[in-house]
Amino acid sequence: MVPDSALATTSFNNIVEFDYALNEDETKGLLVGVQYTRINVDSPSATINPNTIGYLGGYYQWPNNWKFTGRAGVQSFGGAQLLNLATVPSFTQPIVRFDLDRMDDNDNRLFGITAQIAWTPKPAYQLTIRTPLYFVRN
């Protein structure tokens, strides 16, 4: 579908993450990653510059299949401009994210909750509940 509004946007979010398991059954480990987000606005009167986040973290999964993941890093936002009225300055600030997931025996997520605090430059809090959709054919 092609948006047809005056300030239609398209966002591109790319994540590269590497993990290193600290044990053989991969229930605890370390993470390192980069997230790059670019938003294109279909108007010459508005621009949103890219946002890049680099982070380090780790995870632990209990025998009952609950998994906790924590990440801490730095985000760098290039700023935004809407007409000549509203300007969001660029900034580089810390960010933290915590995930608690219920996994099945095959490490598929059954339920998840994410809490994120991003300084933008004041703290902004986000709470996300995730439930994946699985299509099963018998």
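The values are calculated or read from the model by the stated rules, or taken from the named source; none is laboratory data. These numbers were taken from a predicted model, which means no experiment stands behind them. All Cβ positions, even for glycine, are placed from backbone atoms using ideal geometry, and neighbour counts span all protein chains on display.
For region 111-129, which positions are touching a residue at least 24 places away in the same chain (Cβ under 8 Å) and surrounded by 12 or more Cβ atoms within 10 Å (Cβ to Cβ)?
ALA118, TRP119, THR120, listed by residue number.
Being closer than 26 Å to ALA8 by Cα, in contact with a Gly (Cβ under 8 Å, 6 or more places away or on another chain) and in a strand (DSSP E or B) is true for just one of THR47, THR37, THR87, THR69. Which residue is that?
Answer to the selection: THR87.
Take ARG97 and tell me if it is surrounded by 14 or more Cβ atoms within 10 Å (Cβ to Cβ), over 14 Å from the mean Cα position of the chain (by Cα) and basic (Lys, Arg).
For ARG97, the condition - surrounded by 14 or more Cβ atoms within 10 Å (Cβ to Cβ), over 14 Å from the mean Cα position of the chain (by Cα) and basic (Lys, Arg) - is not met.
Out of ALA21, ALA46, I need the residue that is under 29 Å from MET103 (Cα atoms) and without any contact (Cβ under 8 Å) to a residue 40 or more places away in the chain. Which one?
ALA21
Looking for whichever is surrounded by 14 or more Cβ atoms within 10 Å (Cβ to Cβ) and among the hydroxyl-bearing types (Ser, Thr, Tyr) here; the options are THR9, THR52, THR87. Which one fits?
THR52
Only one of (1) on the phi > 0 side of the Ramachandran plot; (2) of a type outside the set (A, V, I, L, M, F, W, C); (3) buried (at least 16 other Cβ atoms within 10 Å of the Cβ) fails for GLY58. Which number is that?
If we test GLY58 against (1) on the phi > 0 side of the Ramachandran plot; (2) of a type outside the set (A, V, I, L, M, F, W, C); (3) buried (at least 16 other Cβ atoms within 10 Å of the Cβ), just (1) comes out false.
What are the residues in region 49-70 that are within 18 Å of the chain's Cα centre (by Cα) and farther than 16 Å from ILE113 by Cα, if any?
Within region 49-70, ASN49, PRO50, ASN51, THR52, ILE53, GLY54, TYR55, LEU56, GLY57, GLY58 meet the criteria.
Restricting attention to region 12-47, which residues are surrounded by 14 or more Cβ atoms within 10 Å (Cβ to Cβ), of a type outside the set (S, T, N, Q), modelled with pLDDT of 90 or more and closer than 27 Å to ALA86 by Cα?
TYR36, ARG38, ILE39
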